[in-house]
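**Q** Have a look at the structure that comes next, please.
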Amino acid sequence: MLIRAIDRFFRHDAAGGILLMLSAVAALIVANSMLRGTYESALGSYLALTLNGEGIEKPLLLWINDGLMAIFFFLIGLELKREMLEGKLKNPADVVLPGMAAVGGMIVPAVIYVMINWGNAATMDGWAIPAATDIAFALGILALVGKGVPSSLKVFLLTLAILDDLGAIIIIALFYTAELKIDYLYLALFPLAGLVWLNFKGAHRVAPAILLGAIMWAFVLKSGVHATLAGVITAFLIPLKDKWGKSPLHALEHALEPYVLYIIVPVFAFANAGVVLAGLSFADLLAPLPLGIALGLIVGKQLGVFGITFAMVKLGLARMPSGANWLHIYGIACLAGIGFTMSLFIGSLSFSSPELMNDVRLGVLAGSIVSGVLGFVVLKIASKVDEPEELAAPAVNT
């Protein structure tokens, strides 16, 4: 009976989002209990992989953020490649509306953050934190809304979130690179060449590609470029089809997804969501850093996603998702404000100070919770009402 219930839970679309929420709650409880010292000590404990004194030595928290998250980005890369070659991103016409909504949903939150933190050099590096959307969390809440939501909305949100992740990857590559050690980047070219060759020949076995990707990850990490990018590059060099017509990419994505959704992302959340609440007051949420993040996620995402979508449909540049009304679109814009995993990750790249990171966690949690609750309520209401005639989307001649 219990095994059957657990199986049903993990088969539900919302399972990943629920585990993410539970991990965040667990982190909050532990960080504000007598276990706080043990929690912080464990995350700060060093783990080293060295040979003759040369290698990698980092705190456990950075192994999670640099190592496990490279696997997370590897899965994102696999999804991106599949969608671009044969999925929702293959037809440019289908990408225009969610693509532009994703761009608006990244630019406006960043602008709001910068406006609130203008002149504060200590916090300006966090401008990209509210630009991100958490796919698992957002899709999980959408699944909890139930069957009243048109299937086209899930496609719209998924495409928007995938493109949002692509934007986050580009931001990390361009703006969150430490001091470059060019020799290690040269060394990374050797496993990269091996990956290109395996992809070109349509290799069926993925183990050699994974090994080469791990070697490239180590070199990229030592170079100063953020190592999660090695995960994305490796993913794009996994063959979609091998020489026998089978798909190593599909098989690897299918095999890896449950481990990422149900282990890696919850572990990341547990390690990064531990806001220390002792001594905090409501006034602390109004400090520029957490306020910029929270308003960026809540207000910026709504303005960017809904505003761009409304403008494009009204101008006849794109079609409304099938069966959706404007309340549905507004609800999706709210869900896009759930930054969580990606926002916390970018926050960890932006700041090393424990005090500033606590403010980051406070802003991300506040913005994501409000966005999630608001999105759920709006979508529930939208599923029960008809669209007002004056807001009906214009027909597009084809």
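**Q** Name the residues in the stretch 209-242 that are in contact with a helix residue (DSSP H, G or I) (Cβ under 6 Å, 6 or more places away or on another chain) and farther than 30 Å from SER348 by Cβ, would you?
**A** Answer for the stretch 209-242, where residues must be in contact with a helix residue (DSSP H, G or I) (Cβ under 6 Å, 6 or more places away or on another chain) and farther than 30 Å from SER348 by Cβ: PRO239, LEU240, ASP242.
**Q** I'm told LEU139 meets every condition in (1) touching a Lys or Arg at 6+ places or on another chain (Cβ under 8 Å); (2) outside any helix (DSSP H, G or I); (3) closer than 21 Å to LEU374 by Cα except one. Can you identify the failing condition by its number?
**A** (2)
**Q** Related question: Among GLY105, GLY55, GLY77, which is the only one that is of a type outside the set (D, E, K, R), open to solvent by less than 40 Å² (accessible area, probe 1.4 Å) and closer than 23 Å to ILE293 by Cβ? Let's see the steps before the verdict.
**A** On the way: GLY55 fails: closer than 23 Å to ILE293 by Cβ; GLY77 fails: closer than 23 Å to ILE293 by Cβ.
Only one candidate passes the filter, namely GLY105.
**Q** Within the bounds of the stretch 99-119, is there any residue that is of a type outside the set (A, V, I, L, M, F, W, C), modelled with pLDDT under 90, in a loop (DSSP other than H, G, I, E, B) and under 27 Å from THR177 (Cβ atoms)?
**A** Yes, there is a match, as at least one residue in the stretch 99-119 is of a type outside the set (A, V, I, L, M, F, W, C), modelled with pLDDT under 90, in a loop (DSSP other than H, G, I, E, B) and under 27 Å from THR177 (Cβ atoms).
**Q** Given (1) open to solvent by 20 Å² or more (accessible area, probe 1.4 Å); (2) under 20 Å from TYR262 (Cβ atoms); (3) under 26 Å from the mean Cα position of the chain (by Cα); (4) not charged (D, E, K, R), identify the lone condition not met by ALA5.
**A** Condition (3) is where ALA5 drops out.
**Q** Moving on. Of all the residues that make up the stretch 140-155, how many are farther than 20 Å from ASN325 by Cβ and either aliphatic (A, V, I, L, M) or open to solvent by 20 Å² or more (accessible area, probe 1.4 Å) (or both)?
**A** Of all residues in the stretch 140-155, those farther than 20 Å from ASN325 by Cβ come to 140.
If we keep only those that are either aliphatic (A, V, I, L, M) or open to solvent by 20 Å² or more (accessible area, probe 1.4 Å) (or both) too, we end up with none.
So the answer is 0.
**Q** Out of all the residues in the stretch 45-58, is one or more in contact (Cβ under 8 Å) with a residue 24 or more places away in the chain and part of a helix (DSSP H, G or I)?
**A** No, the stretch 45-58 has no match at all.
**Q** If LYS90 satisfies all but one of (1) within 30 Å of LEU153 (Cβ to Cβ); (2) among the basic types (Lys, Arg); (3) in contact with a Phe, Trp or Tyr (Cβ under 8 Å, 6 or more places away or on another chain); (4) open to solvent by 40 Å² or more (accessible area, probe 1.4 Å), what's the number of the condition it fails?
**A** Going through (1) within 30 Å of LEU153 (Cβ to Cβ); (2) among the basic types (Lys, Arg); (3) in contact with a Phe, Trp or Tyr (Cβ under 8 Å, 6 or more places away or on another chain); (4) open to solvent by 40 Å² or more (accessible area, probe 1.4 Å) one by one, LYS90 breaks only (3).
**Q** Just wondering, is there one or more residues in the stretch 312-319 that are under 28 Å from LEU356 (Cβ atoms), open to solvent by 50 Å² or more (accessible area, probe 1.4 Å) and either touching a Pro at 6+ places or on another chain (Cβ under 9 Å) or not in a loop (DSSP other than H, G, I, E, B) (or both)?
**A** no
**Q** Does the stretch 109-122 hold any residues that are open to solvent by 10 Å² or more (accessible area, probe 1.4 Å) and of a type outside the set (A, V, I, L, M, F, W, C), and which are they?
**A** Selection gives GLY119, ASN120.
**Q** When the residues of the stretch 343-370 are filtered to those that are in a helix (DSSP H, G or I) and without any contact (Cβ under 8 Å) to a residue 12 or more places away in the chain, which remaining residue is least open to solvent (accessible area, probe 1.4 Å)?
**A** Initial filter on the stretch 343-370 (in a helix (DSSP H, G or I)): 343-350, 354-370.
If we keep only those that are without any contact (Cβ under 8 Å) to a residue 12 or more places away in the chain too, we end up with 354-355, 357, 369.
On the way: PRO354: 94, GLU355: 126, MET357: 17, ILE369: 104 Å².
Checking each candidate, the answer is MET357.
**Q** Continuing with this model, one more query. If you go through the stretch 123-139, how many residues are open to solvent by 10 Å² or more (accessible area, probe 1.4 Å) and acidic (Asp, Glu)?
**A** So the count comes out to 1.
**Q** To continue, here is another question. Select from the stretch 171-187 the residues that are surrounded by fewer than 16 Cβ atoms within 10 Å (Cβ to Cβ) and either modelled with pLDDT under 85 or outside any helix (DSSP H, G or I) (or both) and list them in ascending order.
**A** Matches in the stretch 171-187: ALA173, LEU174, PHE175, THR177, ALA178, GLU179, LEU180, LYS181.
**Q** Kindly indicate whether VAL275 is outside any helix (DSSP H, G or I) and either under 17 Å from ILE135 (Cβ atoms) or open to solvent by less than 10 Å² (accessible area, probe 1.4 Å) (or both).
**A** Judged against the criteria, VAL275 is a match.
The values are calculated or read from the model by the stated rules, or taken from the named source; none is laboratory data. Model, not experiment: these values are computed from the prediction. Cβ: placed from backbone, ideal geometry, glycine included. Neighbour counts: every protein chain shown. The area values use the complete protein model at the heavy-atom level, side chains included, leaving out ligands, DNA and RNA. Shrake-Rupley method; radii C 1.70, N 1.55, O 1.52, S 1.80 Å.
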